[in-house]
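For reference, the structure is listed below as structure tokens.
The values are calculated or read from the model by the stated rules, or taken from the named source; none is laboratory data. Here the structure is a predicted model, which is why all the values come from computation and not from measurement. Cβ coordinates were reconstructed from backbone atoms using ideal geometry, including for glycine residues, and neighbour counts include every protein chain displayed. For the accessible areas, the whole protein counts, side chains as well, though only heavy atoms, and no ligand, DNA or RNA atoms are used. Shrake-Rupley method; radii C 1.70, N 1.55, O 1.52, S 1.80 Å.
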Amino acid sequence: MSEAFKKVVSKIDPSIGIVSGLVLLLVIAGFFVSDRFGTTQNLLNILENSVSLGLASMGQTLVILTGGIDLSIGGIISLTSCLTSGVINGNSSLMFPVIAGVLLLGIAIGALNGVLIVRLGVHPLIVTLGMSMVLQGVTLMYTLEPPGAMPLSWDLVAYGKLLGVPVAPLVMVLIFIAMWAFLKKARLGRYIFAVGGNAEAARLSGIRQNRVVVFVYTACGFFATLTGLYLVSRMGIGDPRIGGYYMLSSITPVVVGGTILAGGKGGVIGTLIGVYLIIVLRNLLNFMDITSFYQWIIEGVIIIVAVSFYVERKKV
Amino acid sequence: MAETVLQVKSVTKHFPGVVALNQVDFNNYAGEIHALVGENGAGKSTLIKVIAGAYQPDGGEIIFGGQKTVWDSPHQSREAGISVIYQEFNLFPDLTVAENIFMGNEPLKAFRLIDYPKMIKESDELLSKFGICIEPLKKVKDLSVAEQQMVEIAKGMCNQTKLFILDEPTAGISDQEAETLFERLAVLKAEGVSVIYISHRLGEIFQIADRVTVLKDGNLVDTFDTKAIDKNTLVSKMVGRDLEDIYPPKGGEAGGEALSIKSLSVGHLVKDVSFSLRQGEILGLAGLVGSRRTELAHGLFGSLPITAGSYKLGGREVSATNPQASIRSGLGFLTEDRKNEGLVLGQSIEANITMPILAQFANNSLVDFKREKNFCQQEMDKYAIVAKSGEVLVNNLSGGNQQKVLFSRWVQACGGVLILDEPTRGVDVGAKVEIYKIIRDLAESGLAILLISSELQEVVGMCDRVVVMKEGRLAGELENDQISEESIMHLATLSRENFVCD
Ligand SMILES: Nc1ncnc2c1ncn2[C@@H]1O[C@H](COP(=O)(O)OP(=O)(O)OP(=O)(O)O)[C@@H](O)[C@H]1O
Ligand SMILES: [Mg+2]
């Protein structure tokens, strides 16, 4: 490896340092707050709780890096989770065709988002907001209650362990690492940053910017569907209202992790640590017996304070 | 006759309310440098954007390499071997220099992964061919405007091209860097590459171009052999009239001290600079790219922190640490980076002109639109800003006209000392003459003017006195007869042989 290459790798954004520091602080605080915090059981809990938020924010990061936003993540999660358990309805022979079908559906919805944004020239916020309403409506037309049931074996997705290590949280981390490498080293990954940094310049540089945009929304649809499938596994059943929470929460780890809303700057590693920040914080507040209203307030303050640290100030 | 690489046949392009190109014919041979000139808004940039597929023409056809082509995106023209350096920067501020240079053209390994070591090595080689020291891993947003221009040029050079188009590549870089560019172009030309070159610096055109085509108001005037035409004729073809002297006569009495700077430092960028400026005087601030002239101006204006020393405005010590306070104490600053630091591109000409002085048009904090409109119309006439009305968005103006909008704003807003950083960047000869006259008139009316310019002719032609900076320090001062291109260059480059890349 050449000297110069090492330099590229070592150039880590300061925001990652700040969020990591915050997570570390919270973990240390956790040990003081309750002796149950440090138990293996609780730590596994934290890891498991982070999977769904992690998968949803993964897709959101890609979209935000191009300067867009995807508000339809929640709708996709609700719809795919209900369809999965509703159609399978305990019949394990249907499992693989349905899961494959649902994944295709999620990808298609994401691609449709991208195509609409590119073709109509309407701002992503509007397109995906509209899409999210459509999807939520369709889901509620399909079912008002958690529908059907999953075969027991699907539990393995959420609760499976390999040599005592829970698989799902590990896979999530591996996905993040893979996406990090993709953004850093693949040409398409660079183009995501280019489109977010300066869309017109990207076009004039001969980058097919529309393809990049369609790609990130498609990927986002895919990750949202994974989130839905994971949630079905955790709860054993789909839920027509479960996605609502992810519509905005999927943005929080992204911005806390140092990706800027305007696009062109940031990355998935920051998002991963941002996810842990949120989950550890919630875990901690639960131990402190703080009611959820206060949790919201504290979370809100932390977001603003954390992001205010990275705002670039003019320096000499 | 050499092979014809590009043929543009009767191309027309309309924008709402403007005919940017009206049945223009144009052709380019292999191994020639073909200059494209014309006033601001004549349609030069539009023509090359049509050639490159960034705009689709409303009529006519383009034949490239013997084949009729219809590009619907710049991607296609690039694949076909057309490389363009656009007038406005097309860089990615948060990406590195190397990533910028190879954007859209990355050296790849297996699986479409980018070969970083190769990319960095090649960027380094490319940049050093231009004799400039820019670290390939630096982020572009940390570069000066001139350095960014060099990156932009390097970006255009990294391609295997048949047709190389440069839209005002030398705006804002100094003559020294321009020379290295010309050497590179000569090499490309010898290799048979066909070049289209747009510039408002006519000297360059006679130096490097084989043919020159003149556009006026979207129409083709004519194409000439550069050997068969002289500068005055060319100018009259461009502006449709003869120009008398480009620079207004110097002179006028300098009055009291308007600005005095004592051992001023701005971080580690500018070190220990002292000079003074009197009312009615035009003081040139010259130096090479990266000599920190702009940073000094930002220090004075309060947009970069001053770390040592002090300065006085009109005899009073200034402790301004932000631009608002500086504007109030009478300082105006026309920034060199019109896109990022100057104009609000998505707003109208009017809004941009009156931005810092909106209070003057307000009665009880309500804006008097009629008065604002009238005022802006006068300004547009004065500077010959080509646009349908004052409501046109600045985004849709040609580069030179954007510059005039910015100029008008700061002349209005300033109350004692006006700092002009590359004020004629991208402005056509006709308008330049106007702007020079306005600058001189302003000085005669008592304003003190600090003129930062990389165009030596301009400094020599306009300034009563010149201070030269080198690597953040003052290298010397020249007065009256001492001012010449040679003497400025001498001070600016003094002991540059010892200069090493850090
Ligand atoms: N995107 C656009 N929308 C509307 N009008 C435009 C647009 N681009 C250019 N124009 C108009 O077309 C005309 C030609 O502009 P162009 O940029 O080609 O001029 P130019 O010759 O390059 O001038 P300059 O020397 O100032 O760069 C101008 O009147 C300009 O206002
Ligand atoms: Mg132009």
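For B:LYS216, the residues whose amide H sits under 5 Å from its own are B:VAL221, ignoring neighbours fewer than 5 places away on the same chain, with H placed 1.01 Å from N.
Amide hydrogen proximity for B:PHE333: with H placed 1.01 Å from N in the peptide plane, the residues at 5 or more positions away or on another chain lying under 5 Å are B:ILE419.
Checking every one of the GluC sites (Glu not before Pro) in the range B:102-205 against DSSP loop status and a limit of 11 other Cβ atoms within 10 Å picks out B:GLU191.
For the segment B:94-101, counting C-beta atoms of other chains within 10 Å of every residue's C-beta and taking the mean gives 4. With the dipole of the range B:94-189 worked out from charges on the C-beta (+1 for Lys and Arg, -1 for Asp and Glu) around the Cα centre, which of B:PRO136, B:LEU113, B:PHE102 lies farthest toward the positive end? The residue sitting farthest along the positive end of the dipole is B:LEU113.
What FRET efficiency comes out for the pair A:THR40/A:LEU261, r = Cβ-Cβ distance, R0 = 30 Å, nearest 0.05?
About 0.20, to the nearest 0.05.
Within 10 Å of each Cβ of B:81-90, how many other protein chain Cβ atoms are there on average?
2
Taking every C-alpha pair closer than 8 Å and separated by at least 6 residues, the mean separation divided by the residue count of the range A:86-186 gives a relative contact order of 32 percent.
The alpha carbon centroids of the range B:456-495 and the range A:219-294 are separated by 60 Å.
Relative contact order for chain A: 35 percent, from Cα pairs under 8 Å spaced at least 6 residues apart, divided by residue count.
In this rough spin-label picture, where each label sits 7 Å from Cα along the Cβ direction, the A:ASP289-B:LYS382 distance is 7.3 nm. Phi-derived couplings, Karplus 6.51 cos²θ - 1.76 cosθ + 1.60 at θ = phi - 60°, listed residue by residue for the range B:255-270: x, x, 6, 9, 9, 9, 10, 10, 5, 7, 10, 10, x, 9, 7, 10 Hz, with x used for Gly and Pro. Computed on chain B, with alpha-carbon pairs under 8 angstrom and 6+ residues apart, the relative contact order is 17 percent.
At q = 0.06, 0.10, 0.16 Å⁻¹ the log10 of I(q)/I(0) for chain A amounts to -0.21, -0.59, -1.41, computed by Debye summation with a single uniform scatterer per C-alpha, solvent ignored.
Shown in residue order for the range B:39-48 are the 3J(HN,Hα) couplings computed by the Karplus curve 6.51 cos²θ - 1.76 cosθ + 1.60 at θ = phi - 60°: 5, 4, x, 6, x, 5, 5, 4, 4, 6 Hz (x for Gly and Pro). Each residue of the range B:300-313 was assigned a 3J(HN,Hα) from its phi angle through the Karplus expression (A = 6.51, B = -1.76, C = 1.60, θ = phi - 60°), giving 4, 7, x, 9, 10, x, 7, 9, 7, x, 7, 8, 10, 10 Hz with x at Gly and Pro. Bridgeable aspartates and glutamates around B:LYS373 (alpha carbons under 16 Å apart, same-chain partners fewer than 8 residues away excluded): B:GLU350, B:ASP381, B:GLU391. Annotation for the B:A interface, with buried accessible surface near 2900 Å², both sides summed [1.4 Å probe; non-protein components not counted]. Summary of packing: across the peptides A:272-281, A:118-127, the per-residue average of other C-beta atoms within 10 Å ranks them, highest first, as A:272-281, A:118-127. Cross-link check: pairs A:LYS184/B:LYS49; B:LYS44/B:LYS227; B:LYS121/B:LYS162; B:LYS9/B:LYS162 evaluated at a Cα-Cα cut-off of 27 Å; pairs beyond the cut-off: A:LYS184/B:LYS49. With viscosity 1.567 mPa s and temperature 4 °C, the Kirkwood radius over alpha carbon pairs of the range A:22-147 converts through Stokes-Einstein to a diffusion coefficient of 75 µm²/s. Applying 1/(1 + (r/R0)^6) with R0 = 51 Å to the Cβ-Cβ distance of B:SER274 and B:HIS14 gives a FRET efficiency near 0.40. DSSP beta bridges fully contained in the protein assembly as shown are about 60 percent antiparallel.
Of the DSSP H helices in chain A, those that are both long (alpha-carbon extent of 30 Å or more along the helix axis) and hydrophobic (Kyte-Doolittle mean at least -1.0) are A:40-65, A:95-120, A:209-235. Within chain B, antiparallel bridges make up roughly 55 percent of the DSSP beta bridges whose residues both belong there.
Each Lys and Arg adds +1 at its Cβ and each Asp and Glu adds -1 at its Cβ; summed about the Cα centre, the protein assembly as shown shows a dipole of about 2040 debye. Against chain B, whose longest principal axis comes from its Cα atoms, helix B:369-382 is set at around 70 degrees.
Between 0 and 90 degrees, the angle of helix B:116-129 with respect to the longest Cα principal axis of chain B falls at about 70 degrees. Here's the list of lysines a cross-link from B:LYS312 could span, going by alpha-carbon distance under 21 Å and ignoring same-chain residues fewer than 8 apart: B:LYS262, B:LYS271. Helix B:145-157 and the longest principal axis of the Cα set of chain B meet at an angle near 10°.
For the peptides B:106-115, B:225-234, residues were scored by their other Cβ atoms within 10 Å and the scores averaged per peptide; the highest-first order is B:106-115, B:225-234.
Taking a ≥ b ≥ c as the square roots of the eigenvalues of the Cα gyration tensor, the range B:208-324 is classed as prolate, since a/c reaches at least 1.5 and a/b is larger than b/c.
Packing, taken as the mean count of other beta carbons within 10 Å per residue, orders the peptides B:463-469, B:364-370 from highest to lowest as B:463-469, B:364-370. Taking all C-alpha pairs of the protein assembly as shown, those more than 35 Å from each other amount to 56 percent.
Taking amide H as placed 1.01 Å from N in the peptide plane, the amide H of B:ALA35 sits under 5 Å from that of B:TYR197, B:ASP210, B:ARG211, B:VAL212, B:THR213, each at least 5 places away or on another chain. Answer rounded, prolate or oblate for the range B:1-79, using the Cα gyration tensor with square roots of eigenvalues a ≥ b ≥ c: rounded when a/c is under 1.5, else prolate when a/b is larger than b/c, else oblate. Because a/c hits 1.5 or more and a/b fails to exceed b/c, the range B:1-79 counts as oblate. Our note on the geometry: Cα centres of the range A:149-196 and the range B:50-98, 38 Å apart. For the pair B:ASN364 and B:ASN219 in one chain, pulling the backbone fully straight at 0.36 nm per residue adds 47.4 nm over the alpha carbon distance.
Taking 0.36 nm per residue of separation and subtracting the current Cα-Cα distance, fully stretching the chain between A:ASN210 and A:ALA108 would add 35.1 nm. Within 10 Å of the Cβ of each residue in B:106-114, the mean number of Cβ atoms contributed by other protein chains is 3.
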